[in-house]
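Notes follow the structure.
The values are calculated or read from the model by the stated rules, or taken from the named source; none is laboratory data. Being a predicted model, the structure only gives us computed values, none of them experimental. Here the Cβ is made from the backbone with ideal geometry for all residues, glycine too, and neighbour counts use every protein chain on show. Protein only, heavy atoms only, side chains kept; ligands, DNA and RNA dropped before computing areas. Shrake-Rupley method; radii C 1.70, N 1.55, O 1.52, S 1.80 Å.
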Amino acid sequence: MIFERKIYNKLLDWKNNSSGFKALLIEGARRIGKSTIVEEFGKREYKSYILIDFNKVSKVVTDAFELYLNDLDSFFLILSTEYGVTLHKRESLIIFDEIQKFPKARQAIKELVKDGRYDYIETGSLVSIKENVKDITIPSEERHLKMYPMDFEEFCLALGEQKMTEYIRICFEKRKPLEDAFHHKAMLLFKQYMLIGGMPMPLARYIESGRNFASADIEKRDILTLYEDDINKADVTYRNKVASIFRQIPSFLSQHEKRVRLSNIEKSSVYPMYQDTFFWLGDSMICNECFNCTDPNIGLAINEDRTAVKCYMGDTGLLVSHAFSEKEIADGELYRRILHDDLSINEGMLFENAVAQILVANGYDLFFYTRYSDEKHRNDIEIDFIISNGSKLKPKIYPIEVKSGKRYTTVSLNKFIDIYSNRIGEAYVIHPKNLARLGNIICLPAYMTFCL
């Protein structure tokens, strides 16, 4: 089952503007659909293509990289013969799939791009982790493109709800609520998105089975097993720490502040002991890290405090399967309770993770903000996310509070607005209710997050 993905337009932009000068390296976690979308791109946009899967490549091909890069006529003849594909100058694409399995192919990109006969796309999981590139020269003739699980809009398109997403965008732009019946339908779609997530295979199983959650769960658990296998291949110096953080993500996100508490893992732990751990989790794209920004301004990363971190799952559907047992999934009670707003703290965990997932898919790095009150001996301001418009002429930040319940207060957000009013473009609450204004705060239904 082939799903429409927004990244396709970025592939077209590369082909039309940069393909003769740069190879395209698509990075992403396992099973997000990299190979599928790139092969579909090769079929649609080129006269011919070759996909070299380095998980199961023949020795003939690997030997070609070893022996014939100084004789590219012979090199391409071997590829063409081995795959039974005729290559056409400037009209053929060569795909290096799972390139981290054979780093020498990545190193060869420099000469292949310089030769100029064909276009090249590389795909890989964990390709930038240091143990995968330590023995090669990384080519400068690469353009990096990150790919993520499907966001809510792509999920709706897969379910045939294009008109709904168009209506949501129109209402967001006009800052007006959806008609009630459409709002309830959109929230039902968003809850399905939280439960299924944006991984293509679980979504395909969900659709093919007549929207059966348990069928999707089987696929999600297979993906989690692959992630655990990847973790077991991490460097031995931090492998156990990565596994420990990964196992406890649902526990961390179930807490009020949702931050990683290193003391819960190991007494006397400090951030430098886990620096490589978080680097691995972030670079693998299994997780979306969110760091504390101590001085929220247009350059959020300049003022980040990496000792305070939240660790969201890269896909909320995977978080559901990671957090709950197969029995809890199989009997359908979990899904029934979430669909009927009856799961309190656990639904809050999923709600916030889904918002984080959509923001990352929209190209935002994740930052949060807290302020400690010496008088109260606790944090008196907590902002879940801060994004910026990236403008140098009119720089603005946009604080976001996520509320999974229909009753809430905005004390922290109001204080934040009072302090940083001159820096703020708009302030948002993301909640399950329809769009509304609360003073100078815009309250957005969760399904509008993809419009930000």
Quick test for you: out of LYS163, LYS146, LYS176, LYS191, pick the one residue that is under 25 Å from the mean Cα position of the chain (by Cα), farther than 18 Å from LYS22 by Cα and surrounded by fewer than 20 Cβ atoms within 10 Å (Cβ to Cβ). LYS163
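Matching residues to (1) among the acidic types (Asp, Glu); (2) touching a helix residue (DSSP H, G or I) at 6+ places or on another chain (Cβ under 7 Å); (3) under 30 Å from LEU159 (Cβ atoms):
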position	(1), (2), (3)
LEU24	no, yes, yes
ARG31	no, yes, yes
SER35	no, no, yes
GLU45	yes, yes, yes
LYS59	no, no, no
LEU77	no, no, no
THR81	no, no, no
ILE95	no, yes, yes
Would you call ASP13 in contact (Cβ under 8 Å) with a residue 40 or more places away in the chain, among the charged types (D, E, K, R) and under 26 Å from LEU145 (Cα atoms)? no
Under the condition of being closer than 14 Å to ARG117 by Cα and out of contact with any Asp or Glu (no Cβ under 9 Å at 6 or more places or on another chain), which residue from region 53-74 is surrounded by the fewest Cβ atoms within 10 Å (Cβ to Cβ)? ASP73
Please determine, by comparing only the residues of region 399-452 that are open to solvent by 60 Å² or more (accessible area, probe 1.4 Å) and among the aliphatic types (A, V, I, L, M), which one is farthest from TYR167 (Cα to Cα). ILE419
Is it the case, given these coordinates, that TYR206 is in a helix (DSSP H, G or I), free of Cβ contacts under 8 Å to residues at least 24 places away in the same chain and within 22 Å of the chain's Cα centre (by Cα)? yes
The residue that is farthest from MET201 (Cα to Cα), considering only those in region 23-42 that are among the aliphatic types (A, V, I, L, M) and assigned to a loop (DSSP other than H, G, I, E, B), is ALA29
Would you confirm whether any residue within region 283-303 is out of contact with any strand residue (DSSP E or B) (no Cβ under 8 Å at 6 or more places or on another chain), of a type outside the set (A, V, I, L, M, F, W, C) and modelled with pLDDT of 95 or more? no
GLY198 versus (1) outside any helix (DSSP H, G or I); (2) surrounded by fewer than 17 Cβ atoms within 10 Å (Cβ to Cβ): which is the lone unmet condition? (2)
Return yes or no: is LYS396 basic (Lys, Arg), at pLDDT below 85 and open to solvent by 30 Å² or more (accessible area, probe 1.4 Å)? no
List, please: which pairs have Cβ atoms under 7 Å, are six or more places apart or on different chains, and start with a residue in region 252-263 that is within 12 Å of LYS310 (Cβ to Cβ) and end with one that is in a helix (DSSP H, G or I) and acidic (Asp, Glu)? LYS258/GLU352
Of all residues in region 368-403 being among the small types (Gly, Ala, Ser) and farther than 19 Å from ASP305 by Cα, which is nearest to the chain's Cα centre (by Cα)? GLY390
Based on what the data block shows, is LEU157 assigned to a helix (DSSP H, G or I) and open to solvent by less than 30 Å² (accessible area, probe 1.4 Å)? no
Within region 1-22, residues part of a loop (DSSP other than H, G, I, E, B) and among the basic types (Lys, Arg) come out as ARG5, LYS6, LYS22
From SER373, SER344, SER391, which residue is open to solvent by less than 30 Å² (accessible area, probe 1.4 Å), at pLDDT below 85 and either over 20 Å from VAL260 (Cβ atoms) or among the hydrophobic types (A, V, I, L, M, F, W, C) (or both)? SER373
Examine region 56-63 for a residue that is farther than 24 Å from ILE2 by Cβ, of a type outside the set (S, T, N, Q), part of a helix (DSSP H, G or I) and in contact (Cβ under 8 Å) with a residue 24 or more places away in the chain, and state whether such a residue exists. no
Residues ILE138, ILE94: which one is buried (at least 22 other Cβ atoms within 10 Å of the Cβ) and of a type outside the set (S, T, N, Q)? ILE94
Quick one: which of ASN353, ASN288, ASN297 is open to solvent by less than 10 Å² (accessible area, probe 1.4 Å) and either in contact (Cβ under 8 Å) with a residue 24 or more places away in the chain or in contact with an Asp or Glu (Cβ under 6 Å, 6 or more places away or on another chain) (or both)? ASN353
Taking region 393-405 on its own, how many of its residues are part of a loop (DSSP other than H, G, I, E, B) and touching a residue at least 12 places away in the same chain (Cβ under 8 Å)? 5
Any residue in region 406-420 that is closer than 12 Å to HIS431 by Cβ and in contact (Cβ under 8 Å) with a residue 40 or more places away in the chain sitting within a Cβ distance under 7 Å of a residue that is of a type in the set (Ser, Thr, Tyr) and open to solvent by 30 Å² or more (accessible area, probe 1.4 Å)? List the pairs, counting only those 6 or more apart or interchain. none
Pick from region 271-315, criterion among the acidic types (Asp, Glu) and assigned to a helix (DSSP H, G or I), ranking: farthest from ASN353 (Cα to Cα): ASP276
Go through region 223-243 and give me each residue that's among the small types (Gly, Ala, Ser) and assigned to a loop (DSSP other than H, G, I, E, B). ALA234
